[in-house]
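The values are calculated or read from the model by the stated rules, or taken from the named source; none is laboratory data. Since the model is a prediction, treat every value here as computed from it, not as a measurement. When we count neighbours, we look across all protein chains shown, and the Cβ atoms used for this are built from the backbone with ideal geometry, even at glycine. Accessible surface is based on the protein model in full, side chains and every heavy atom, while ligands, DNA and RNA are left aside. Shrake-Rupley method; radii C 1.70, N 1.55, O 1.52, S 1.80 Å.
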Amino acid sequence: MRTFWKLSVWAVVAIACGSFGAVYAEDKAADEDGWIDLFNGKDLTGWKISENGKWKVEDGKIVVSGERSHLFTKRQFKDFELKAEVMTTPGSNSGIYFHTKFQESGWPELGHEAQVNCTHKDPVKTGSLYNVEKNFKCPHEDNKWFTYDIKVEGQQITLKVDGKTIVDYTEPTDIKGGRKLSSGSIALQAHDPGSVVYYRSIKIRPLNESK
């Protein structure tokens, strides 16, 4: 009986430690500078796929292709700085949403989109805050990796490509509808069957969080 009791206690402790470890790894793990890896380079742990999902991980990269679909982080953020390495291919279109929420289908109705597009027919190019602040000149090349930096702090949104500021936008506090700042998930976009885009090294640093 005593042996059974000891085993039971150890089982409870093991389960509790496992649970707390999972929570810590998903919600607290950061390097000494506060950066958290959203993508582990192996699989889509921590993400959730919407309709038509053909998302895959290949050689340390997220490969985006196929019909319209979105890949949402399970964790949500408010003020943050995000850095991602991105590579477009000729004629491709994608995007990085923030302050959005998971939807099973359709284009995300909440939050903003940082456009990813160099040579797709849509004239709105990478570095644009979609339907808010438009950039019509692609700041990078297809088939070459570039760094996308997205920073949200208060009402300020800053988008940089390879260190160059493309958008520096202050959102009014009286915006109506869903395309506005609040808090929420990060989401990557699969735009159409003709678009193939790659993402790697996706990191985020929460800002202004209480210690």
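R0 = 22 Å: FRET efficiency of SER182 with GLN156, Cβ-based, nearest 0.05?
0.90
Using Cα pairs closer than 8 Å and at least 6 residues apart in sequence, work out the relative contact order for the chain, in percent.
It comes to 29 percent, rounded to a whole number.
Would you calculate a helix-derived [θ] at 222 nm for the chain, using -39,500 (n - 2.57) for each DSSP H run of n ≥ 4 and dividing by the full residue count, to the nearest 500?
-4500 deg cm²/dmol
Any chance you could give the angle, 0 to 90 degrees and rounded to 10, that helix 2-27 forms with the longest Cα principal axis of the chain?
That works out to roughly 10 degrees.
Relative to the present Cα-Cα distance, how much length would full extension add between SER201 and SER105 at 0.36 nm per residue of separation?
Between SER201 and SER105, full extension yields 31.9 nm more.
Take ARG68 and GLU85, extend 7 Å from each Cα along the Cα→Cβ direction, and tell me the distance between the two endpoints in nm.
Simple spin-label model gives 3.2 nm for this pair.
Output the peptides 80-93, 43-56 sorted from most to least packed, where packing is the average of other Cβ atoms within 10 Å over each peptide's residues.
The most tightly packed comes first, giving 80-93, 43-56.
Which value, in debye to the nearest 20, describes the size of the charge dipole of the chain about its Cα centre when Lys and Arg Cβ atoms bear +1, Asp and Glu Cβ atoms bear -1, and nothing else is charged?
I would put it at about 440 debye.
Roughly to the nearest percent, how much of the accessible area of the chain is carbon and sulfur, given a 1.4 Å probe?
52 percent
Return a whole-number percent for the relative contact order of the range 130-172, with Cα pairs under 8 Å and 6 or more residues apart as the contact set.
Relative contact order, the range 130-172: 29 percent.
Give the residue from ASN93, LEU82, PHE72 lying farthest towards the positive end of the charge dipole for the chain; charges sit on Cβ (+1 for Lys and Arg, -1 for Asp and Glu) and the dipole is referred to the Cα centre.
Most positive-ward Cα: PHE72.
Could you tell me the calculated FRET efficiency between THR170 and LYS56, based on Cβ-Cβ distance and R0 = 30 angstrom, to the nearest 0.05?
Rounded to the nearest 0.05, the efficiency is 0.20.
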